[in-house]
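Laboratory data are not the source of any read-out in this text; all were calculated from the coordinates shown. All figures in this text were calculated on a predicted structure; none of them were measured in a lab. Quick reminder, even Gly has a Cβ in these numbers, built from the backbone with ideal geometry, and neighbours come from all protein chains shown.
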Amino acid sequence: MTWFTEARTQQHIIEMAPTLASAYQAFYDSFWQLTSVPASVLELCRLRVAQLHHSDYQWQYQQVDVTIEQRESLSQWNKSPIFSATDKVCLAFTEVYCMDPQSITDGQADAVKSKLGDAGLVALIEALGMFYGMTRVSQLWEL
Amino acid sequence: MSKQPRVSANPVQTGNVVRDSALGLVTETVDPYLRFNYAIWHSGPLTAAEVELARLRNARKVNCVFCKAVRYDIAIEAGLDESKVEQITDDFDQSELSDREKLILSYTDYYLEQPTALTAEFKHQMNEEFSAAEIVHLSMAIMLCNCFSRCAVSLGGMPEHDLPRMQISVPE
């Protein structure tokens, strides 16, 4: 239960606005169908956004399977051999994005493009906006 | 911040401002984005003028030059004139905006700055003024506007100086 409704989950709260809920869900779901960014990479980035926000609600949620080892090592991804080179350039980008998108360097963007292409960079940025936004919304709602 | 765009616009030009931008490169998300954005402006319980207040507050805080310059015609038709827009400053609490409009701006600021810091008094005021559906709508609107203003900044090529005001329709 949050401060403005008795609904207890993000999905049930969003359904309080029925004229928006299906359009939101279709947009959210579209990220997990991307050909340019593997869903496992997106999930690692989503979880890193949750970590950086100290959002236990988003951290506990699982959209896509990642290994327990990856979850446990995520805060130290840059020192861990269990993350791929693609994972690492995307996680580096995620951290700067969360701090301040104006601080993203051309080198960081180029590193993502070298792995995922132009469409992949755009898709990753859009996805990060969604993850960042919904993490903050869940915090506003005290989930 | 990079002055050069990091990605080229979609080479397939359609005449749609969103599809023709870099967002058009991501074919899986562009249609769902357009439908969700359209619903935010046309289908929610808040008026378009109220959504525009939150959008412009976000634009100014994120410093998205494009977002700051845009005015949606649907919001103007719903009553948001420039005299109100000029009051969306850091001193909006002292402005002549209504209490409801000030709550919209305060909620936007909480999202942007301290989403875990809502006070009991603020939550009470929100519950007195807005329905649950309106709070969800406002939250979704702020999230979407913030998502795409940060996207514009992240993609580079942002002008250094403010642009002239541009009145446009919500892309379909």
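Between amide H atoms placed 1.01 Å from N, distances below 5 Å from B:V70 occur with B:M166, all of them 5 or more places distant or on a separate chain.
Give the shape of segment A:29-92 as rounded, prolate or oblate, defined through the alpha-carbon gyration tensor: a ≥ b ≥ c are the square roots of its eigenvalues, a/c under 1.5 means rounded, and otherwise the shape is prolate if a/b is larger than b/c and oblate if not. It is oblate, given that a/c is not under 1.5 and a/b is not larger than b/c. Counting every other Cβ atom within 10 Å of each residue's Cβ, A:S75, B:S149 order from fewest to most as A:S75, B:S149. Neighbour counting of Cβ atoms within 10 Å sorts the residues A:M130, A:M99, fewest neighbours leading, into A:M99, A:M130. Rounded to the nearest angstrom and listed largest first, the equivalent-ellipsoid semi-axes of segment A:45-143 from its Cα gyration tensor are 21, 17, 11.
Note the per residue figure in Å³ for the convex hull of the C-alpha positions in the protein assembly as shown. Spell out each step's value before the answer.
Details: hull volume 39.8 nm³, N = 315.
Convex hull of Cα atoms, per residue: 126 Å³.
Between the C-alpha center of segment B:106-172 and that of segment A:124-143 there is a gap of 12 Å. When the P(r) of chain B is calculated, the portion above 19 Å amounts to 58% of the C-alpha pairs.
By the Cβ rule of 4.7 Å, chain B holds the following cysteines without a possible disulfide partner: B:C145, B:C147, B:C151.
In whole angstrom, how far apart do the alpha carbon centroids of segment A:59-97 and segment B:20-99 sit? A separation of 34 Å, based on Cα centres.
The value of relative contact order for segment A:1-64, using C-alpha pairs under 8 Å at least six residues apart, is 16 percent. Remark: the Cα gyration tensor places segment B:51-97 in the oblate category, a/c being 1.5 or greater and a/b not exceeding b/c. If you look for lysine pairs in the protein assembly as shown that are eight or more places apart or on different chains, how many of them have Cα atoms under 21 Å apart? Here the count comes out as 13.
For the pair B:D93 and B:D31, label points projected 7 Å from Cα toward Cβ lie 4.7 nm apart.
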